[in-house]
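Beneath this line is the structure, given in structure tokens, with notes to follow.
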Amino acid sequence: MVQASAVIICLGYILGLLFSAVPGGGFWILGLGLIGVILFRRGRNHNRKTPPSKTRGLGESKHLPSSPRVYPHPRIWFIAGLLGLLASFYLQYRVPQPTTNDVSKLVPPGNNSNQEQLFVVRGTVTSTPRLTRTSKGQFWMEVTRLDEVKNEDGGGGKGVSGKLYVTLPLLQATGLYPGQQIAVTGVLYKPKAAANPGAFDFREYLQKEGVFAGLSGRQVNILNEDKKWGWWKFREQIVKSQVSFLGVPEGPLVSAMVLGSKAVDLPYDIRDGFVQVGLAHALAASGFQTSLILGIVLALTKRATQRTQFTVGFLALLAFLCLAGFQPAVLRAVVMGFAALIALLLGKKVRQLGSLLVAATLLLIFNPLWIWDLGFQLSFLATLGLIVTVPAITTRLGWLPPTIASLISVPLAATIWTLPLQLHVFGVVPSYSLALNIASTPLISVISIGGFISAIASLIVPGIGSAIASVLHYPTDWLLKLVDFFSNLRGNSFAVGSITITQMFIIYIILILIWLVRWWQRRWWIGLGIALTLVLIPAWHQANTLFRVTMLAASGEPVLVIQDQGKVTLINSGDEGTGRFTILPFLQQQGVNQIDWAVASDFQGNGSRGWLELLPRLPVKVFYDYAAKVDNPLTSGVIQKQLQQNQAAYQILSVGQSINIGSAVLQLVNEQLPILQMRIHDKDWLFVGNLKPTELRQLIKAGNLPRAQVLWCQPQSLKELVPLLQPEVTITTSADIEPNIVSALGDVKTQLLFTGKDGAIQWTPNGQFEAFIQAMENKSSVF
């Protein structure tokens, strides 16, 4: 009864945090608690009226009446509901807010990392610098003083508080360590929200860390040279020892599998490969590592007393927590490890489900914002799957040898419970994830065990640790080749499209019913069918009925995606960053697995190198190339080879040639200059690239620019093009335009949209042009 009451109270708190995203969600949980009070009070009253069964003799009937059910006291339900209400308020209270003297409040309006308003920021390094994708060093900094650089001597400083997300040139950041006092000269900026559907929200990420500004550093000055003691020294010693014999990337990979990828600077191509094939969990410090630690400790201390085993295990888990970092997934695993040690000390059997629930509740009391941390959510769900689903799957696989059944049931159970959340967030299913997890489990186990032994030895004698790590060369190399093989297979991932919160909620209800209700356990295939229907039918319906044009927010050139009732057209790809971080996430969110028509118009004159990111991931049916006409590197061997592998039809655009791409018609207006004309349903669109003023005037004078209802051009071309063409809608990139251009557009009736400020622009034939950022702000204001 006590355990049931504790479970109800813990669930009330967790549900209160979850429902805080819904208006009045805390009161909903209180209402559920009151309903529980009413229902279970009746149950207890019924039990009081039922007479206790009499003891029967040997000759009496064996069909004894069942004992009355024992229900939790009604006040438990009231306490759980009230706690859920308080939890919703508690989360709002813990949401980070900038203080009155936070450094973010001194960021000049409109300041960005490209402007030259420099500041000298003094403070303390709070994290080990890590390499970014742009080959810069990044770390967190606790700020104490800010000086504006007015001359060589500076001046005008004041005391400030808060944290900063700092980036520096790699050589400048090398050698910095936590606790060091530094002064960084650079540009302060406010982080931007996601500008495109499916894109990474940098502002939200920093706010969750309690950071409201960034610093693009140019130079760093060290204010103190004394190296203070810190766990980062041990972490650095482990990594250096394992890298010295294994090299890169094998060494960092072994270190990441021991300490977690967040504690180790793992190369991004390795990290991305593991994520793409569904092996991201192998790089996350969590339950697998704590299980290994406890296994090693208990094996080494099996002749010692239980008190000694508890003490050594406690210290080992605490050391691992300090080395891996205070991340939600690590804390969850360590707390559950502590629960196992306490059960060992008391001589009781550990209740895994109860310890998971207690661990989640304790962590969410410590930091309720972790309820929205993706790492915490995935770690909790995967562990729940291992506890409640692995036994059922293993039983059904009883016809297999136990080792093979375990290899299948563990990754399958974790996938079942984490997949709905992954579909909601990413909208992608790794096609070969289950097969790869089964094949890689022996290698991951060997590398993890060997890596732990090497790490312990490297803290005592680094040379011995390196020698032990060298034994892991072949298993690590085989694992890397296995990941590379699966990541290069055609169809290694399948984009279903992001499912809604409602769809995800219903699927988890089905999973809970299969877990708890015997009727559903016997008919689990019905639940599977309902779940697949909930995911696939809406995705299929939207793909085959939707017509939408999306102008993605990308610097320099228009990137246009046309979704035409199951057919997809992509015009331009931007640079490699645009291809990887803007176009791919958007297409995955929309459930796009193939591009029917691709057009490379090369508005930037850089070869539109975003195709290098897109073509290996998405097959293309027909590829139209304008850049080939001007001898651009887009026609390099790499892209030509990729098009041949995709068996794409390759064609070169000609001036005046009309191309039918679904229900739209595209035409190249000028051979030498990047100008495209399109007719989409009843609207004419014109895309004018980055032209020199003399070229633009010549085009206008010759009258070679057709009129259009929708115009895309660079900001510097607005003054000449908008009054001439009189478009209904004008789209450009940056909102920072000169005052004389603004005044010149004052008499023109045109809707002016800026992808740099408004984010992606979307249009449907039956609707208006909608700015993504404004739409997201309107949606969030409802909550």
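The values are calculated or read from the model by the stated rules, or taken from the named source; none is laboratory data. Just so we're clear, the structure is a prediction, and the values are computed from it rather than from any experiment. Because the Cβ atoms are built from the backbone with ideal geometry, glycine has one as well, and the counts that use them run over all protein chains shown. Accessible surface areas use protein heavy atoms only, side chains included; no ligands, DNA or RNA. Shrake-Rupley method; radii C 1.70, N 1.55, O 1.52, S 1.80 Å.
Table for the structure above
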read-out	value
Calculated [θ] (222 nm, deg cm²/dmol) that DSSP helices of n ≥ 4 give over the chain, each run adding -39,500 (n - 2.57)	-15000 deg cm²/dmol
From the C-alpha gyration tensor of segment 497-570, square roots of 5λ in Å	38, 13, 7
Pairwise centroid distance, computed over Cα atoms, of segment 428-481 with segment 224-263, Å	15 Å
Over 16 Å [Cα-Cα, segment 406-462], rounded percent	58 percent
Computed FRET value (nearest 0.05) for Val471 with Gln651, which takes r as the C-beta separation and R₀ as 60 Å	0.65
Tail fraction, Cα-Cα pairs, the chain, threshold 38 Å, whole percent	51 percent
Spin-label pair Ile537/Ile38, simplified geometry with 7 Å Cα→Cβ offset, distance in nm	3.2 nm
Pairs of Cα atoms farther than 18 Å apart, segment 198-346, %	69 percent
Centre separation in Å (Cα based) which lies between segment 649-665 and segment 675-711	17 Å
Cα-centre dipole for the chain with unit charges at Cβ (Lys and Arg positive, Asp and Glu negative), debye to 20	4040 debye
Relative contact order of the chain, pairs being alpha-carbon contacts under 8 Å that are 6 or more residues apart, as %	8 percent
Difference of contour (0.36 nm per residue) and Cα-Cα distance, Asp747 to Leu459	96.4 nm
In degrees, nearest ten, helix 693-702 long axis to first principal axis of the chain (Cα)	60 degrees
Efficiency of FRET between Leu724 and Tyr177 - r from beta-carbon atoms, R0 56 angstrom, step 0.05	0.40
Under DSSP loop assignment and at most 11 Cβ neighbours within 10 Å, longest GluC sites (Glu not before Pro)-free interval of the chain	226-783
Within the chain, percent of DSSP bridges classed antiparallel, to nearest 5	70 percent
Per-residue ³J(HN,Hα) for segment 279-289, Karplus 6.51 cos²θ - 1.76 cosθ + 1.60, θ = phi - 60°, Hz, x for Gly and Pro	10, 4, 5, 5, 9, 9, 6, 7, x, 4, 5
Solution diffusion estimate, µm²/s, Stokes-Einstein, segment 81-202, Kirkwood Rh from C-alpha pairs, 37 °C, viscosity 0.692 mPa s	199 µm²/s
Long-range amide H partners of Val559 with built H, under 5 Å	Leu552, Ala554
Contour excess over end-to-end distance, with Cα ends at Ser445 and Lys150 and 0.36 nm allotted per residue	100.5 nm
Stretchable slack from Lys621 to Arg518, in nm (0.36 nm times residue separation minus alpha-carbon distance)	32.2 nm
Solvent-accessible area of Trp763 with every protein chain in place, 1.4 Å probe, in Å² to the nearest 10	10 Å²
Computed label-point distance, nm, for sites Thr134 and Ser663 using a 7 Å Cα→Cβ extension	4.0 nm
Karplus-derived 3J(HN,Hα), 6.51/-1.76/1.60, for each residue of segment 528-542, Hz, glycine and proline x	4, x, 5, 4, 5, 5, 4, 8, 7, 5, x, 5, 5, 5, 5
Cα-based equivalent ellipsoid of segment 447-493: semi-axis lengths in Å, sorted from largest, via gyration tensor	31, 9, 6
Tyr508-Glu209 pseudo-label distance in nm [points 7 Å out on the Cα-to-Cβ vector]	2.6 nm
Per residue solvent-accessible surface (Å²) - the chain, probe of 1.4 Å	50 Å²
Sulfur and carbon atoms: percent of accessible area, the chain [1.4 Å]	60 percent
Under-5 Å amide H pairs with Val149, H placed in peptide plane, nonlocal only	Leu118, Phe119, Val120
FRET efficiency, 1/(1 + (r/R0)^6) with R0 22 Å, evaluated for Phe366 and Leu346 via beta carbons	0.35
Pairs beyond 24 Å (Cα-Cα), from Lys192/Lys683; Lys163/Lys228; Lys208/Lys228	Lys192/Lys683; Lys208/Lys228
Rounded to whole Hz, the Karplus (6.51, -1.76, 1.60) HN-Hα couplings of segment 123-130, x for glycine and proline	x, 10, 5, 10, 8, 6, x, 10
Spin-label zone in segment 421-452 - amide nitrogen under 13 Å from a point set 7 Å from the Cα of Ile404 along the C-beta vector	none
Heavy atoms of His541: accessible area, 1.4 Å probe, square angstrom to 10	110 Å²
Cα gyration tensor, segment 330-400 - rounded (a/c under 1.5), prolate or oblate	oblate
